[in-house]
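This report refers to the structure that appears directly beneath it.
The values are calculated or read from the model by the stated rules, or taken from the named source; none is laboratory data. These figures come from a predicted structure and were not determined experimentally. Because the Cβ atoms are built from the backbone with ideal geometry, glycine has one as well, and the counts that use them run over all protein chains shown.
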Amino acid sequence: MKIVVIHDDISETSPIMVMLRVQYGDDNVVLHTHSQPGLEYVLSNLGQKMVVLLDKNFYDGKEKSGIKVFEEIRAKTSLVSVILTSVSNISDIGEENLKILINNDLFAFESFTSDYSKIIELIDKAVEGMDLRIDAVLEEWIVKQPEEKRERQYITTKGDKSYTLNEILESIRQRTEIGRSLEQNILKLAVDLLTRKNMKLDD
Amino acid sequence: MQKVLKNISKKLAPVSKKTQTNDQNLRWRFDVNTFRLLGRELITDRVTAIFELVKNCYDANATRVTVELIDVSSDKKENRKIVIRDNGTGMSFADIRDKWMVVGTNSKRVSQYSAPPFNRKLLGEKGVGRFAVDKLGERLVIHTKQKGEKNWLDVGINWDEYEARSTASTQGNQLSLFTEIDNAYAYVPGEIEDHGTTLQISNVNEIWTDLDVIRLYNELAKLLSPFHPVNPPFDIWLSSNEVPAYSNKQVRPDPIRFFSHFQEIGFDLATGEQETLQFEADKGEFVKIRIPIKRFGPVKFKIYYFNTPAKRRFLAAYKGGDERIDGVKIYRDGVITTPFAEYNAHPDHKKDILGIDKRLWRDIFTKVASREVIGILDITKENNPDIIDATNRQDFVDNLAYRELKEFIIQQLDAFGSAKKFETNLKRSIVERELIQAGVEANQFSAELTKVEKLLENPKPEVKNVFDSLKNQVTQLKNAISQSVSEQKKFQRDAERKEKILRSLVSLQEFASMIAHAVRTSIAKVKHLGEFFKLNFPKKEFERFYLLYATQIYDEMNTLLKVTDFMLSFASADKHYEDFNVRELLSELLTQSYETLFRNEQIDFEIDIKNDFILTTNKQAFKDVFQNLVSNSIKALRNTKEKKIKCSGYLDAESFIIYFSDNGVGIDKGDEEWIFGLFNTRTADIGGAGIGLYIVEMQIKSLNGTIQVVEPEYKPTGATFKITLPFNRE
């Protein structure tokens, strides 16, 4: 699990970074103080489970805003949890932007003036959530498979269409029908296995 | 068509009675309730609905589309009909079954362009057509054929029947999510070469008034650029059997009339130059400056500006004219680009795509608003490949080219803003001049009267009476005129005062939000540092952070103090008016206060102020102007070897002129006005926030002066600012 901080008011020695590193390990906490490189980092590490702590406004007006970064992450994947912070109040975010945030599943919004421990709590909650999501677990499992295996046909549907693991991965990230139905089938299978009593939870 | 329809209805009757396995029936593949709900969200207005359907014709490579409105003002729903006919590629049976009748889950298109050889940039939103039809009326017949097919395909769709079914299913408390209704279809023989699609909508939901028809025409006219012909053509015809002026009228963007100002800029590919507009206040005219073609590629831009009387004339001439003066739109190869292709009935809900109105609250008096201009910016696929329509159709892809284009457009509008301001001032002085002239003429008349009176020795009493009464009237007239002159002056002063108050209020609001942001950020940082102490002190493992954090708290507090000091100086800016000598103040400030700084930066500084000039204003505010200019120059000089700054000044007949120059990187051509805008900076990489020059301009304006970028003194590099402070500040 990686915690990616994209924020221009947080430095490597800020309390929030120090405490995140203590909790998640030095290598698992990454800081970007500019939005574009931060976004690029997230997009080039999609195979990694990630929680992103994102600033809404950057001092340099020419930088991509946090909301734009969020939109661009969402265009590629729904599997990264994003927590947005700002020193302004939530009421200062325009209606259009609020819609974007809510409709694209922003994990949380927190004022940057809140206690840093509160912000870290939200990150913890997002991390826990990631562990429980079937789609995230599936993604993690697929990414761990060797590339040649990921390129082979893996599943054939009733309609005689075949999908490789890489295609399934993409469809999970993009929340397309095949991805969703795969998740549902896995859940059904799990329930089915458990109810047949020939399998226990710790098997 | 009528014949065909009769034909169809004959064929449909038996077909629709057949069972669902019948291959002569087409079935919707979705829940009708949800479908209609969705549609009502997407298409809120009938003009939008037709607008969307016509865009679809364009996407289908049609070269001609006719929108026919038949008895649409009739009270009887059954009489009202709308027919949209195009000569596009047409749809196959499979197209209708698998595309038209399936609500897509994937909103992204496979291709952004229509079929070859037209390769048109697609305008319509995929899947919106059927919602549009539903908005317009209850019954639809699609009559369509692709080239090479033998038969036309006719499909009938009855929305009212769905509605009845779904209502019935809800009342019965029985969930029937998917419709069980078959849509009848039939084949009608046609010519092998024929192609196209006709949508015949009957039982039209709403009554169309004449004004609605005009509104439809106006909106359709916006699809096409008035200046760049579409090739291959896309001709739109509107035909109404009730409004004679539109009985068979080709939709063409009307020539734009009644504007008060017009400017047009273009480019020259051979020299690689783009024209950009500037308004020269000294001459009172627009000039076109040539700059290297910008990142977004060469553009043609026509701007029609409507001042208040022009707008009044325009509105009187056109019904629904208010919707026509609606800002700048971008056309690609003669056709509107997708972000501008969304029709919105309410002007206040129109999206400010280019950010034209966002900047109004900064300065409502000199900025031009969307509803004062019609702008047509023509781009081409070939010349402007980096201006890309965003997939959500609401904007363009946010890249450097698009950002520069937006800045460029605003710069052109700002030139009109300067003209607007110039003319307001001119008008004021004309009124004043005319009054004074009237006063002079009244005096002359009175003198003439006295002369005539003297010539007539011993006039008759009745003549004398007339003279006396005339003289009396002239005196009254003179009094009235001189009173008017002073009233006019008073009114002008009053107007200016109000303008100033409003201006400072607006900038105060902006300022307050800026400061609040800075203060809250500092407080948040200090709070986090304090929280760390509270939770962790004196844990040994964090020992190395305690001193570091204490220092950070101290530094952050200093920043906070600076910010609040600045706030205080701003708050009390009006209180400390004093007389001071500009020459002395500048000499002292630039040679003494900045001596060390200039030495450390190895800047060769020269000051040459020729005359004394006494100014009454807030001294600190005046100093801030030069502090900002110096700090600007230092940034511009960072990569220059022999750094120079020069400040010179002299008195001319009407004003005190100050030149402030450096030999740094200079200001890009075309940026001369832009750099004074708030947050506009080209030195963001070294901490430039784009506030300095904004404050400078505000301060100079408050002295009734002007600041402008002129030809650099240290050619070929460097920048020179010219500040003009007029004597007469009334």
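A compact table of results
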read-out: In segment B:486-515, the residues that are surrounded by 13 or more Cβ atoms within 10 Å (Cβ to Cβ) and either within 14 Å of chain A (Cβ to nearest Cβ) or at pLDDT 80 or above (or both); value: B:510, B:514, B:515
read-out: Count - residues of segment B:653-673 that are under 30 Å from residue B:614 (Cα atoms) and either crowded, with 18+ Cβ neighbours inside 10 Å or touching a strand residue (DSSP E or B) at 6+ places or on another chain (Cβ under 9 Å) (or both); value: 12
read-out: Residues within segment B:217-234 that are under 16 Å from residue B:379 (Cβ atoms) and not in a loop (DSSP other than H, G, I, E, B), tallied; value: 1
read-out: Scan of segment B:438-477 for residues that are exposed (fewer than 11 other Cβ atoms within 10 Å of the Cβ) and acidic (Asp, Glu), ordered by number; value: B:457, B:462
read-out: Qualifying residue in segment A:173-186 (condition: in contact with a Ser or Thr (Cβ under 8 Å, 6 or more places away or on another chain) and modelled with pLDDT of 85 or more); value: no
read-out: Subset tally (residues that are out of contact with any strand residue (DSSP E or B) (no Cβ under 9 Å at 6 or more places or on another chain) and among the charged types (D, E, K, R)) for segment B:283-329; value: 8
read-out: Pair list, Cβ under 6 Å, 6 or more apart: segment B:51-80 residue basic (Lys, Arg), other residue not in a strand (DSSP E or B); value: B:55/B:123; B:55/B:124; B:64/B:87; B:80/B:71; B:80/B:72; B:80/B:74
read-out: One residue from A:76, A:56 being surrounded by fewer than 16 Cβ atoms within 10 Å (Cβ to Cβ), on the phi < 0 side of the Ramachandran plot, within 14 Å of chain B (Cβ to nearest Cβ) and touching a residue at least 24 places away in the same chain (Cβ under 8 Å); value: A:76
read-out: From the options B:610, B:539, residue that is at pLDDT below 85 and either in contact with a Phe, Trp or Tyr (Cβ under 6 Å, 6 or more places away or on another chain) or within 30 Å of residue A:19 (Cα to Cα) (or both); value: B:610
read-out: Residues (buried (at least 18 other Cβ atoms within 10 Å of the Cβ), farther than 19 Å from residue A:109 by Cα and within 11 Å of another protein chain (Cβ to nearest Cβ)) located in segment A:1-53; value: A:14, A:15, A:18, A:19
read-out: Count of residues meeting criterion [under 36 Å from the mean Cα position of the chain (by Cα), modelled with pLDDT under 70 and of a type in the set (A, V, I, L, M)] in segment B:80-125; value: 2
read-out: Residue B:193 being in a loop (DSSP other than H, G, I, E, B) and in contact with a helix residue (DSSP H, G or I) (Cβ under 8 Å, 6 or more places away or on another chain); value: no
read-out: Some residue of segment B:313-321 being under 25 Å from residue B:407 (Cβ atoms) and in contact with a helix residue (DSSP H, G or I) (Cβ under 7 Å, 6 or more places away or on another chain); value: no
read-out: Hits in segment A:125-162 - residues which are exposed (fewer than 14 other Cβ atoms within 10 Å of the Cβ), part of a helix (DSSP H, G or I) and of a type outside the set (Phe, Trp, Tyr); value: A:128, A:129, A:131, A:132, A:144, A:147, A:148, A:149, A:151
read-out: Residues (touching a residue at least 60 places away in the same chain (Cβ under 8 Å) and either of a type in the set (A, V, I, L, M) or more than 9 Å from chain B (Cβ to nearest Cβ) (or both)) located in segment A:88-123; value: A:119, A:120, A:123
read-out: Count of residues meeting criterion [in contact (Cβ under 8 Å) with a residue 40 or more places away in the chain, of a type outside the set (Phe, Trp, Tyr) and within 17 Å of residue B:712 (Cα to Cα)] in segment B:611-660; value: 16
read-out: Among residues of segment A:29-53, those that are under 22 Å from residue A:112 (Cβ atoms) and either free of Cβ contacts under 8 Å to residues at least 40 places away in the same chain or touching a Gly at 6+ places or on another chain (Cβ under 6 Å) (or both), counted; value: 13
read-out: All positions within segment B:534-546 that are facing chain A (nearest Cβ under 9 Å) and surrounded by 10 or more Cβ atoms within 10 Å (Cβ to Cβ); value: B:535, B:536, B:542, B:545
read-out: Members of segment A:90-127 that are over 17 Å from residue B:527 (Cα atoms) and aromatic (Phe, Trp, Tyr); value: A:107, A:109
read-out: Index of the failed condition, residue B:256 passing every other in (1) at positive phi; (2) assigned to a loop (DSSP other than H, G, I, E, B); value: (1)
read-out: Criterion (touching a helix residue (DSSP H, G or I) at 6+ places or on another chain (Cβ under 9 Å), within 11 Å of another protein chain (Cβ to nearest Cβ) and not in a loop (DSSP other than H, G, I, E, B)) met by exactly one of A:68, A:64; value: A:68
read-out: Candidate set from segment B:666-689 (those that are aliphatic (A, V, I, L, M) and under 21 Å from residue B:710 (Cβ atoms)); member that is modelled with the lowest pLDDT; value: B:675
read-out: Number of positions in segment B:203-255 that are polar (S, T, N, Q) and loosely packed, with under 13 Cβ neighbours inside 10 Å; value: 4
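For every residue, the table says whether it meets (1) more than 37 Å from the chain's Cα centre (by Cα); (2) basic (Lys, Arg).
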site: B:425; (1), (2): no, no
site: B:441; (1), (2): yes, no
site: B:454; (1), (2): yes, yes
site: B:465; (1), (2): yes, no
site: B:469; (1), (2): yes, no
site: B:478; (1), (2): yes, yes
